[in-house]
C-alpha cells in the first residue's frame, strides 16, 4: 500500500509542477504563491482532527519560523525559474534538495554522510551535467556554465539548495512534533507570510485569482493530496523509502512537459532525470 501511495505522491508532484508552469504564464508569481498557500492551508484543515498538539516549545517554534521563512524565499525562486524555463528542465534540479540536506546534516543534526550518500551526490551532479550535455562540444565545463547562464536553471538550483537547508530544520521540527502537525502549520505560516508580502506590495489580488482560479486550485489540490498521502505512507514504512519513490516525480514532469507543453530534448532530459533520481535514491537509502 505504501508503494502505491508513494507513486501517487510522485504523480501529484508532477501535476503540481505542470499546473504551476501553466498558471505562471498568465499570473504574477507573488499572486500564485499567496493563492496556493492559502488554498492549500484550507484543504489541509482536516489534518487538525488527526494530529496531536505538542506543548509550546522553542525546540519546534524556532525551526518552524526558520523553515517557513526559507520556504517563502525558495517558492518565489522556483516560480521565477518556471517563468523563465521549461518545466522539464527545472524539475530535475529539485534533486539537489537531498544533496544539500546531506551536506548540512553533519552540522545541523549530526548525521554523517555514508559512502552510498556521497555516490548519490556524484550521480545528481552528473545528472545536472547531462541535462546540458549538448553544450559539452564547446568545452568540458560548458554544461555546468550553462546552468549558471540560464536564468531558470540558476533560480531552480538556488531554490533547491535553500529547500535542502530548510529540510534540515523540518527534520528537527518533526522530531519535536509530528508529520501532520508540521505539514499543516508550516503551510499556514507560509500563507500568512505571503499575505503580509502582498499587503506591503499593494497588489490587486481578487481579479487575478478569479481569472486563474482553476489552475490555482489544481496546484493546491495536488500539493495537499501529496502531503496527506505522504504522511500516511510515512506511518507505513521508513521515510527514506517513500522519499526515494516520490522523487520519480521528476520523470513524470519531464514527460508532461514534452507531451502537453511541446517542450524539446525529451531523450536528453529523461536520461539526466533518471540519473538524478538514482542519485536521490542512493542518498535516501544512505
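Compute the relative contact order of the chain as a whole-number percentage, counting only Cα pairs closer than 8 Å that sit 6 or more residues apart in sequence.
In percent, rounded to a whole number, it is 43.
Take residue 134 and residue 285, extend 7 Å from each Cα along the Cα→Cβ direction, and tell me the distance between the two endpoints in nm.
Placing both labels 7 Å beyond Cα along the Cβ direction yields 3.3 nm.
Measure of size requested: the Rg and Dmax of the stretch 166-286, with Cα atoms as the atom set and Å as the unit; please supply both.
Final numbers for Rg and Dmax: 17.9, 48 Å.
Evaluate 2.2 N^0.38 Å with N set to the residue count of the stretch 34-84, then give the Cα radius of gyration divided by it.
1.46
In what sequence do 198, 256 fall when counting other Cβ within 10 Å, fewest first?
So the residues, fewest neighbours to most, are 198, 256.
Ranked by Cβ crowding within 10 angstrom, fewest neighbours first, how are 80, 267 ordered?
267, 80
Treating only the Cα positions of the stretch 127-201 as identical point scatterers, give the base-10 log of I(q)/I(0) from the Debye formula at each q in 0.11, 0.21, 0.25, 0.27 Å⁻¹.
-0.51, -0.92, -1.08, -1.15
Based on the Cα gyration tensor of the stretch 1-59, what are the three equivalent ellipsoid semi-axes, each the root of five times an eigenvalue, rounded to whole Å and given largest first?
27, 20, 10
Fewest first, what order do 211, 247 take by the number of other Cβ atoms within 10 Å?
Ranked by crowding around the Cβ, least crowded first: 211, 247.
Which of 21, 264, 52 moves the most in a Gaussian network model of the chain with Cα springs under 10 Å?
Of 21, 264, 52, the Gaussian network model singles out 52 as fluctuating most.
With N set to the residue count of the stretch 2-285, report its C-alpha Rg divided by 2.2 N^0.38 Å to two decimal places.
For the stretch 2-285, the normalised Cα radius of gyration comes out at 0.97.
Please state, rounded to one decimal and in Å, the Kirkwood hydrodynamic radius that the stretch 1-119 gives when every pair of distinct Cα atoms enters the mean of 1/r.
It works out to 17.2 Å.
Using only helices, what value at 222 nm comes out for the chain when you add -39,500 (n - 2.57) per DSSP H run of length 4 or more and divide by the total residues, to the nearest 500 deg cm²/dmol?
Helix contribution divided over all residues of the chain: -26000 deg cm²/dmol.
Report the FRET efficiency, 1/(1 + (r/R0)^6), for residue 210 and residue 261, where r is their Cβ-Cβ distance and R0 is 30 Å, rounded to 0.05. Present the calculation step by step, with values, prior to reporting the outcome.
Numbers: r = 24 Å, r/R0 = 0.81.
Once the sixth-power term is evaluated, E becomes 0.80.
With a Cα-only, solvent-free Debye model of the stretch 219-286, what are the log10 I(q)/I(0) values at q = 0.16, 0.19 Å⁻¹?
-0.66, -0.84
Here, each number is a calculation from the coordinates, and none is a lab measurement. Remember, predicted model here, so these are calculated numbers, not experimental data. Cβ: placed from backbone, ideal geometry, glycine included. Neighbour counts: every protein chain shown.
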